[in-house]
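Visitor: Can you keep this structure in mind? I'll have questions shortly.
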Amino acid sequence: MDYKNKRILFLGDSITALNTTDRGWVKYFNEIMEPKHFVNVSVSGARLSNGQPVEYDGNPVFLGDKTDYNQNVLANQIEKISRAKDKNNKHYSYNPDYEDFDLILVAAGTNDWFSKEKCDIDTIEDQFTKNGAVVDSNDINCYTWPGAMRFIYESLKSMYPTAKIYFCAPIQGFETVRGYTEISYKRRLMRMICDRISDVTFIDTFNCGICGIYEKDGEMGRDLIDGLHPNVNGAKKIGKFNANAVKCSLL
């Protein structure tokens, strides 16, 4: 299958929101993939799972230190997409850029505060089946990673039924900025949830070549400018790794 000339949608946090700048991995991803069309709705500070309570207003925004983490979540990026592609909603403007996509990449999870309640491998199945019955989509808990990822998948699949969906693991960072143990656990959890959904592809960006021991807190390291966000070297590693993973999945 040809991997070029695809229509691609990106969702995520600040690492993906850097888009096609020199420090944006999307730039180097697109240089390899050569998409026909792409849209990036990523927002700095975005979280994979919800805070409580959440009102989806289709306007996830970054507010610096005052970021509204209840609103700046992946589900609100999906709400934005849903409204933009709706030709029949009198209250929102239809945008043809959102009409259809072949590939959808979801890259988030770094900003989620870590707890066993939100990220418990032992409770993944609670968001899929319970007492021998399938958990209804309306009853899943988006406060948890399994529930949020199931919601993201089902929402995107309902809007773009033929699109191939990918979840990208968070990258490594400096220990005091993005601890290895926590990020490693999140990566393992994301892989297991992708396995449970089955109809998604897990991209292990954790292994893109960025290693936390070569980074610094608030200063330029080998691949990160501050122990968290990529420099040009880091962006190239992420972009090339993700592009090659997508290419392999399309063979």
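The values are calculated or read from the model by the stated rules, or taken from the named source; none is laboratory data. Treat the numbers as computed from the prediction; the structure is a model and nothing was measured. Note that we place each Cβ from the backbone using ideal geometry, even for glycine, and neighbour counts take in every protein chain shown.
Visitor: Which pairs do you get when a residue that is without any contact (Cβ under 8 Å) to a residue 60 or more places away in the chain, found in segment 224-251, comes within reach of a residue that is in a helix (DSSP H, G or I) and hydroxyl-bearing (Ser, Thr, Tyr), reach meaning Cβ atoms under 7 angstrom, with the pair 6+ apart or on two chains?
Guide: These pairs meet every condition: 241/205.
Visitor: Is it the case, given these coordinates, that residue 120 is surrounded by fewer than 16 Cβ atoms within 10 Å (Cβ to Cβ), at pLDDT 95 or above and over 21 Å from residue 168 (Cβ atoms)?
Guide: So residue 120 fails the test.
Visitor: Oh, and also: Among what's in segment 123-139 and is in a loop (DSSP other than H, G, I, E, B) and modelled with pLDDT of 95 or more, pick the residue that is farthest from residue 182 (Cα to Cα). Please lay out each step first, then the result.
Guide: Here is the first cut: in segment 123-139, the ones in a loop (DSSP other than H, G, I, E, B) are 128, 131-132, 135-136.
The next check asks that each one be modelled with pLDDT of 95 or more; those that pass are 128, 135-136.
Details: 128: 24, 135: 28, 136: 30 Å.
Of everything passing the filter in segment 123-139, 136 is farthest from residue 182 (Cα to Cα).
Visitor: Under the condition of being of a type in the set (A, V, I, L, M) and closer than 14 Å to residue 112 by Cα, which residue from segment 173-192 is surrounded by the fewest Cβ atoms within 10 Å (Cβ to Cβ)?
Guide: 177
Visitor: A further question on this structure: Select from segment 178-214 the residues that are in contact with a Leu (Cβ under 9 Å, 6 or more places away or on another chain) and under 23 Å from residue 233 (Cα atoms) and list them in ascending order.
Guide: Listed by number, the residues that qualify are 178, 203, 210, 212, 214.
Visitor: Can you tell me which of 217, 199, 195 is among the acidic types (Asp, Glu), surrounded by fewer than 17 Cβ atoms within 10 Å (Cβ to Cβ), at pLDDT 95 or above and within 23 Å of residue 6 (Cβ to Cβ)?
Guide: 199
Visitor: Here is a further query. State whether one or more residues within segment 53-70 are over 22 Å from residue 152 (Cα atoms), surrounded by fewer than 17 Cβ atoms within 10 Å (Cβ to Cβ) and either touching a residue at least 60 places away in the same chain (Cβ under 8 Å) or basic (Lys, Arg) (or both). Walk me through how you get there before you give the answer.
Guide: As a first pass, look at segment 53-70 and keep what is over 22 Å from residue 152 (Cα atoms): 63-66.
Pick out the ones that are also surrounded by fewer than 17 Cβ atoms within 10 Å (Cβ to Cβ) and you get 63-66.
Subset that is either touching a residue at least 60 places away in the same chain (Cβ under 8 Å) or basic (Lys, Arg) (or both): 66.
Within segment 53-70 (the criterion being over 22 Å from residue 152 (Cα atoms), surrounded by fewer than 17 Cβ atoms within 10 Å (Cβ to Cβ) and either touching a residue at least 60 places away in the same chain (Cβ under 8 Å) or basic (Lys, Arg) (or both)), the answer is yes, since at least one residue qualifies.
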